[in-house]
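Have a look at the structure below, then the notes.
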Amino acid sequence: MKTFTILSVLLATALAAPPPPGPPGLSKPGKGNGKPAKYDAKPPSPPPPPQPRCPANSVQPDGKLPKGAISTSALVPIAASSPNTPFPSVEWAIVTPNDICTIFNLQLDSDATQGKICNLVFDFPDTDRGLYTFHGDGHFTFTGYAINAGAVPGQTTYNKQPAPGPSPPNPPPTLTPGHSYIINASPCGIPPGIGPVTVSGALCSKDSVLSFKQSNGQCPMGFYVVLTDDPSAQISS
């Protein structure tokens, strides 16, 4: 009888005792809800996707646009097959063999160009195939126009192009995806104090189809002017 009494007391004490703590990192189950324990720790976030490697040149060593780079202000197609038809400005430049060319205008601040080299670059990354179409051997020509004689959307035609000016003397022999090109680099030669100035040129080809969207997303695409210091310039203070 005494033994039975002792066992009864031990059993009652065990039932009344609180449950032992769970392992570290686990939340306690809800009181009487029967739900399993849950881990407090969250899975680690996935690493960010790697940044694309943009094609580079000597004035864009990392492939990006430096501060102050100038993008196009207008892209205006002209067509030899419709020599008297004017076209509006477009978001996508287009070039077809011996027919459609695109005139690109860029607007520069005359004061910002003082003592600078004007580097006309063409960035042609292959990181986003949705921003361009390209077929052919990649031979293109660049025709320069006079300063402030850019294309006028809705007025400029193949037979009524801007007044001629100097063209790049040593353009790259070909343009192909995955590269960045300096089309021309020379002192800007723009007088100070005359406000915004338009520089322009036409991109044509005898053997290639090219369409691209001028943009600056993960990598820049299209024509830009990058200003760099002219070591031979003398600017009066």
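Could you go through the range 157-164 in sequence order and give the Karplus-derived ³J(HN,Hα) for each residue, using 6.51 cos²θ - 1.76 cosθ + 1.60 with θ = phi - 60°, rounded to whole Hz, and x for Gly and Pro?
Once rounded to whole Hz, the list reads 10, 4, 7, 10, 8, x, 4, x.
Using the 10 angstrom Cβ neighbour count as an exposure proxy, how do SER45, SER110 rank, fewest first?
Final ranking by Cβ density, sparse to dense: SER45, SER110.
Each residue of the range 82-93 in turn: what ³J(HN,Hα) in whole Hz from Karplus with 6.51, -1.76, 1.60 and θ = phi - 60°, glycine and Pro shown as x?
In residue order, the calculated couplings are 9, x, 10, 9, x, 10, x, 5, 10, 7, 10, 5 Hz.
Checking the table LYS67/LYS213; LYS67/LYS160; LYS160/LYS206 against a 25 Å threshold on Cα-Cα, which pairs fail?
Violating the 25 Å Cα-Cα cut-off are LYS67/LYS160.
For the range 194-208, take each phi angle, set θ = phi - 60°, evaluate the Karplus expression 6.51 cos²θ - 1.76 cosθ + 1.60, and give the result in whole Hz per residue in order, putting x for glycine and proline.
Calculated HN-Hα couplings, in order: 10, x, x, 10, 9, 10, 8, x, 10, 9, 9, 8, 9, 9, 9 Hz.
Throughout, read-outs are computed from the coordinates displayed, never taken from laboratory work. What you are looking at is a predicted structure, and each value in this text was computed from that prediction instead of being measured. Positions of Cβ are generated from backbone atoms using ideal geometry, with glycine treated the same way; all protein chains shown enter the neighbour counts.
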